[in-house]
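Single-structure report; data block below.
The values are calculated or read from the model by the stated rules, or taken from the named source; none is laboratory data. Just so it is clear, the model here is predicted, and its values are computed rather than measured. Cβ coordinates were reconstructed from backbone atoms using ideal geometry, including for glycine residues, and neighbour counts include every protein chain displayed.
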Amino acid sequence: MNQAYSEAGEPLERPLSSKASIAGALHGSSHVWIWRRKNAGVEVLVQQRAAIKKTWPNFWDISAAGHMDHGETPLVTAQRETKEELGITVLTEQLRLLFVHRQYVVARVEPRAIENEFQFVYALNLNNERYTLQKEEVSETKWVTLDVLKQMILDGKIVPHGEVYFAELFLQLERMVES
């Protein structure tokens, strides 16, 4: 069961089924963008969604992400999804909340899932090269520069999270290079 949210961004007491979540019920998700400094710039780890995924199969996406279980906090979801999808145990202090994004998008691939979410977007600075991939979720991972990520978005190879989402993500990641 997934965590339902009010339009005001408050977690609700009633849980949502996974089916209700992809049918447009407002729910929460956590996104973890793993990044590292490389050659005076930033690279991010992207994952290719497994071919058997119901939504966005074979598309490239966030390093690790998923819907919140009912009663779960965004931070705990970020840690759980990173462990499940990539085999990485993440400590609370390693995650940095970048922003919270309100998203409503209708998948342009079948089935026509509706993602109506509060997305809690985190950064994780990690230089790891080895991952234990959850085969039902992830087929592969690769490090890409921000310029390559921008081109993948333009080419329609990344799950679309919207212009506002990606503009904020790039702004936050570029700030990390400067700090």
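Does residue 13 satisfy the condition of being assigned to a helix (DSSP H, G or I) and over 20 Å from residue 146 (Cα atoms)? Considered against the rule, which asks whether it is assigned to a helix (DSSP H, G or I) and over 20 Å from residue 146 (Cα atoms), residue 13 comes out as no.
Could you list, in sequence order, all residues of the stretch 161-179 that are more than 23 Å from residue 114 (Cα to Cα) and in contact (Cβ under 8 Å) with a residue 60 or more places away in the chain? Once the filter is applied, which keeps residues that are more than 23 Å from residue 114 (Cα to Cα) and in contact (Cβ under 8 Å) with a residue 60 or more places away in the chain, the stretch 161-179 yields 172, 173, 174, 176, 177. Can you tell me which of 107, 113, 123 is hydrophobic (A, V, I, L, M, F, W, C) and at pLDDT 95 or above? Answer to the check: 123. Here 163, 174, 178 are screened, and the one residue that is surrounded by fewer than 12 Cβ atoms within 10 Å (Cβ to Cβ), of a type outside the set (A, V, I, L, M) and under 20 Å from residue 37 (Cβ atoms) is 178. Under 7 Å between Cβ atoms, at least 6 apart or on separate chains: pull out the pairs that start in the stretch 75-104 with a residue that is polar (S, T, N, Q) and end on any residue that is modelled with pLDDT of 95 or more and assigned to a helix (DSSP H, G or I). Every condition considered, the pairs that remain are 89/83; 92/75; 103/165. One residue is enough: does the stretch 145-160 have a residue meeting the conditions in a loop (DSSP other than H, G, I, E, B), in contact with a His (Cβ under 9 Å, 6 or more places away or on another chain), closer than 21 Å to residue 99 by Cβ and touching a residue at least 60 places away in the same chain (Cβ under 8 Å)? No, every residue in the stretch 145-160 fails to be in a loop (DSSP other than H, G, I, E, B), in contact with a His (Cβ under 9 Å, 6 or more places away or on another chain), closer than 21 Å to residue 99 by Cβ and touching a residue at least 60 places away in the same chain (Cβ under 8 Å).
With respect to the stated conditions, residue 127 is in contact with a strand residue (DSSP E or B) (Cβ under 7 Å, 6 or more places away or on another chain) and assigned to a loop (DSSP other than H, G, I, E, B). Candidates are the residues of the stretch 77-99 that are under 9 Å from residue 122 (Cα atoms) and aliphatic (A, V, I, L, M); the one that is surrounded by the most Cβ atoms within 10 Å (Cβ to Cβ) is 78. The number of residues in the stretch 134-160 being farther than 13 Å from residue 46 by Cβ and surrounded by 14 or more Cβ atoms within 10 Å (Cβ to Cβ) comes to 3.
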